[in-house]
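Note sheet for the following structure.
The values are calculated or read from the model by the stated rules, or taken from the named source; none is laboratory data. No experiment lies behind these values; they were computed from the predicted model shown. Don't worry about glycine lacking a Cβ; one is built from the backbone with ideal geometry, like all the others, and counts go over all protein chains shown. Protein only, heavy atoms only, side chains kept; ligands, DNA and RNA dropped before computing areas. Shrake-Rupley method; radii C 1.70, N 1.55, O 1.52, S 1.80 Å.
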Amino acid sequence: VAGYPLAFYPAVARTGVAVATVIALGGAPVFAGLLAWFTSRSRPSVRWATATAAAVLGCTVLVLGPGLAGDGAPVDVLGVVSAGLAGLSYAVYALVGGRLIAHGHASGAVLGVMFGGAALLVLPVVLWGAGGGLLTMRGALVVLYLGAVTTFLCYRLFGHGLRRTAPQTATTLTLAEPAVAAVLGVAVLGERLPGVSWCGLAVLALGIVLLAVPVGSRGRGTRHE
């Protein structure tokens, strides 16, 4: 949990938001599937592999669409590696949290301990590099929003999801994040997406639907996908 922001935000600074997002979010479900395979000897299903491949491809095309249309962002090798480490960190804590919850621990307690411990680990980074921005009203409001909404609320829901969904499936479903951001950008902020990004959005949606909609008998849910 501490490793994700310490790797992701330097990656954003070096290689741009789009590339860092694609590598971190797109790599997380792949890492999660491989880690689950190595640690539990549970081979990923064909359905999961197909849906994840479609979702990662769609996410890549969606986020990099503006760059493909001529508005590219600089790519830095160290930034790419850092974004990959962020994706690996995301996969590790999703897998660990999922295993603890599956063994009967309360999801709120598991996520609370993980994020509380991570907060203590990154606190020296905040004190060293934050400057005076946190002391302003705007800085305080940003910190409050990040803590209450993007961390507490979102990961409270994520913990509930891990109780009923395999970690590798959950990380794939979180690829809906850039899709929602893109749609909100168009609907609320009046942004425009090139045609290639809309195609990526469609492929991403197809992958998520393929993974989320149960198939077969009622006893076969996404828990074992």
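Assorted remarks:
- Against the list (1) closer than 22 Å to Tyr9 by Cβ; (2) touching a residue at least 40 places away in the same chain (Cβ under 8 Å), the condition Leu135 fails is (2).
- Unique residue being out of contact with any helix residue (DSSP H, G or I) (no Cβ under 8 Å at 6 or more places or on another chain), modelled with pLDDT of 80 or more and open to solvent by 50 Å² or more (accessible area, probe 1.4 Å) when the list is Val113, Val92, Val125, Val96: Val113
- Residues located in the range 1-23, provided they are modelled with pLDDT of 85 or more and open to solvent by less than 20 Å² (accessible area, probe 1.4 Å): Ala2, Ala7, Ala11
- Taking the conditions (1) under 26 Å from Gly108 (Cα atoms); (2) in contact with a helix residue (DSSP H, G or I) (Cβ under 8 Å, 6 or more places away or on another chain) in turn, Leu157 satisfies each one other than (2).
- One residue from Val92, Val61, Val22, Val56 being more than 20 Å from Gly207 (Cβ to Cβ) and in a helix (DSSP H, G or I): Val92
- Matching option when the condition is closer than 24 Å to Tyr9 by Cα, open to solvent by less than 40 Å² (accessible area, probe 1.4 Å) and of a type in the set (Gly, Ala, Ser), among Ala83, Ala119: Ala83
- For Pro178, the criteria (1) surrounded by 14 or more Cβ atoms within 10 Å (Cβ to Cβ); (2) at pLDDT 85 or above; (3) closer than 30 Å to Gly108 by Cα hold in every case but one, which is (2).
- The number of residues in the range 32-53 that are assigned to a helix (DSSP H, G or I) and surrounded by fewer than 22 Cβ atoms within 10 Å (Cβ to Cβ) comes to 11.
- Of all the numbered requirements in (1) on the phi > 0 side of the Ramachandran plot; (2) modelled with pLDDT of 80 or more, Gly79 misses one, and that requirement is (1).
- Applying the criterion of at least 1 residues that are out of contact with any Asp or Glu (no Cβ under 6 Å at 6 or more places or on another chain) and among the aromatic types (Phe, Trp, Tyr) to the helices (runs of 4 or more DSSP H) found wholly in the range 144-208 leaves 154-164.
- Some residue of the range 143-150 being under 29 Å from Ala55 (Cβ atoms), hydrophobic (A, V, I, L, M, F, W, C), free of Cβ contacts under 8 Å to residues at least 40 places away in the same chain and surrounded by 16 or more Cβ atoms within 10 Å (Cβ to Cβ): no
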